[in-house]
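Participant: Below is the structure I would like to discuss, written out as structure tokens.
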Amino acid sequence: YEIIGKEYRSSRVSLIELRFNPMKRNVGGERDLDHIIHAALRGMDRAVLEYGVRAGLIFCLAREFEPRLNEILVEKAIRYRRRGVVGIDLAGTEKNAVELRPAEVPRYRALFARARAAGLKTTVHTGETAGTGAEGVRAVVEELEPHRIGHGIRAAQDEKVMDLLRERGIVLEICPSSNLATRAVSSLEELGAILGRFWQRGVRFTINTDGPYLLDTNLRTEVRMLRDAGVLSDEQIAQAVRWAREASFVEG
């Protein structure tokens, strides 16, 4: 409720997706997983009512989890799909990149296929750091077939991977302040060069906040930063916003 309210008040955001891993909120099993999910849904419902926004939740699977825990998260996402859960994500350090492990790929391919079959959308964090690079982006696209990719900036290193993203219509979720904070990029100038390559190659991307509280940011701040630094033009920003709405997992 607070996160949605913050984005509405600061940036007049009218469509928002929130992602989190409910298992990382249960204090080592002290709290029941369904209670955590219901609390998030109640908060979202209240914000939708008070601010008139459209919203949805994405459950994050964790690369560092045992496979069965991620299976449970997919089961919960499917169970609560009609209550406001719109998709799943695969996140966590790329040092544990399951997409590059032949023994793990079939299990996660099946999980993502199951989520899609149940009507959920899918996204994967990859290509953010040197941990996977462009090869990680390619593996995710080919093996997990997500609708979107979180970050994916390393794809700019490989023209064939960029072409693959364009051909599959996969949208990249670009998070400027986050990429600077984690040193995934060294500067706004480097980020600008990456986005320039995506733009020229026809790779669609959106502008996002990632962790707005941790990074002390909001969508208006992210957009202003890119505009003021000359990273994106007004035309490119407007197009990124259109792409974001087209690629949203929230229906209607």
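Participant: Would you please classify the overall shape of the stretch 177-252 from the alpha carbon gyration tensor, given that a ≥ b ≥ c denote the square roots of the eigenvalues, rounded means a/c under 1.5, and beyond that prolate means a/b larger than b/c while oblate covers the rest? Write down the numbers at each step before the final one.
Facilitator: Numbers: a/c = 1.63, a/b = 1.10, b/c = 1.48.
Taking the square roots of the gyration eigenvalues as a ≥ b ≥ c, the stretch 177-252 is oblate.
Participant: How much length is gained on full extension from Gln239 to Ile72, taking 0.36 nm per residue of separation minus their Cα-Cα distance? If you can, show how the numbers build up before the last one.
Facilitator: Working: separation 167, 0.36 × 167 = 60.12 nm, distance 3.70 nm.
Going from the current span to full extension adds 56.4 nm.
Participant: For the chain, restrict the atom set to alpha-carbon positions and state the Rg and Dmax in Å.
Facilitator: 17.4, 50
Participant: Which shape class applies to the stretch 29-87: rounded if a/c is under 1.5, otherwise prolate when a/b exceeds b/c and oblate if not, where a ≥ b ≥ c are the square roots of the Cα gyration tensor eigenvalues? Can you show the working numbers first?
Facilitator: Details: a/c = 2.55, a/b = 1.89, b/c = 1.35.
It comes out prolate by the Cα gyration axes.
Participant: Run the numbers on the stretch 113-252 and let me know its relative contact order in percent, using alpha-carbon pairs under 8 Å that are six or more apart. Display every interim value, and only then the final one.
Facilitator: Numbers: 199 pairs, mean separation 27.0, N = 140.
Reported relative contact order: 19 percent.
Participant: Let me ask something else about it. Is the stretch 7-54 best put as rounded, prolate or oblate by its Cα gyration tensor, with a ≥ b ≥ c the root eigenvalues, rounded for a/c under 1.5, and otherwise prolate when a/b is larger than b/c, oblate when not? Walk me through the numbers before you get to the answer.
Facilitator: Values: a/c = 3.57, a/b = 2.30, b/c = 1.55.
Prolate, since a/c reaches 1.5 and a/b exceeds b/c.
Participant: Can you give the percent of C-alpha pairs in the stretch 42-144 whose distance is more than 20 Å? Walk me through the numbers before you get to the answer.
Facilitator: Numbers: 2152 of 5253 pairs.
Value for the stretch 42-144 (Cα pairs over 20 Å): 41 percent.
Participant: Another question about this same structure. Of the accessible area of the stretch 168-252, with the probe set at 1.4 angstrom, what percent is carbon plus sulfur? Display every interim value, and only then the final one.
Facilitator: Numbers: 2030 of 4360 Å².
Exposed carbon and sulfur together represent 46 percent of the surface.
Participant: Near Lys160, which lysines are there with a Cα under 24 Å away, not counting those fewer than 8 places off in the same chain?
Facilitator: Lys95
Participant: What order do Val48, Val53 take when sorted by accessible area (1.4 Å probe), most exposed first? Each step should come with its number before you reach the end.
Facilitator: Working: Val48 55, Val53 10 Å².
In descending accessible area the options line up as Val48, Val53.
Participant: Using alpha-carbon pairs under 8 Å, 6+ residues apart, how would you state the relative contact order of the stretch 1-158 in percent?
Facilitator: On the way: 236 pairs, mean separation 27.8, N = 158.
With pairs under 8 Å counted, the relative contact order is 18 percent.
Participant: Rounded to whole Å, give me the distance from the Cα center of the stretch 34-58 to that of the stretch 187-243.
Facilitator: Value for the Cα centre distance between the two parts: 27 Å.
Participant: Another one. Pull up all non-local amide H partners of Cys60: gap of 5 or more, or a different chain, and H-to-H distance under 5 Å with H placed in the peptide plane.
Facilitator: Here Phe20, Asn21, Asp89 satisfy the definition.
Participant: Skipping prolines and chain starts, which residues have an amide H placed within reach, meaning under 5 Å, of the one on Arg204, given they are 5 or more residues away or on another chain?
Facilitator: Amide H neighbours of Arg204: Leu172.
Participant: Aspartates and glutamates near Lys76 by alpha-carbon distance under 14 Å, same-chain residues fewer than 8 away left out - which ones?
Facilitator: Leaving aside aspartates and glutamates fewer than 8 places away in the same chain, those within reach of Lys76 are Asp32, Asp34, Asp89.
Participant: So with the 1.4 Å probe, I'd like the accessible area per residue for the stretch 59-157, rounded to whole Å². Don't skip to the answer; put the middle values down first.
Facilitator: Working: 3890 Å² over 99 residues.
I get 39 Å² per residue for this part.
Participant: Between Ala181 and Asp228, what length in nm is gained on full extension when 0.36 nm per residue of separation is reduced by their alpha carbon distance?
Facilitator: Details: separation 47, 0.36 × 47 = 16.92 nm, distance 1.85 nm.
Gain in length upon complete extension: 15.1 nm.
Participant: Identify the trypsin sites (Lys or Arg not before Pro) of the stretch 114-219 meeting these criteria: DSSP loop state and at most 12 other C-beta atoms within 10 Å of the C-beta.
Facilitator: Values: sites: Arg114, Arg116, Lys121, Arg138, Arg148, Arg154, Lys160, Arg166, Arg168, Arg183, Arg197, Arg201, Arg204; in loops: Arg183, Arg204.
Here the trypsin sites (Lys or Arg not before Pro) that fit, given the DSSP loop and packing criteria, are Arg183.
The values are calculated or read from the model by the stated rules, or taken from the named source; none is laboratory data. Since this is a predicted model, take the numbers as computed values, not measurements. When we count neighbours, we look across all protein chains shown, and the Cβ atoms used for this are built from the backbone with ideal geometry, even at glycine. What goes into the accessible areas is simple: the full protein's heavy atoms, side chains included, and nothing from ligands, DNA or RNA. Shrake-Rupley method; radii C 1.70, N 1.55, O 1.52, S 1.80 Å.
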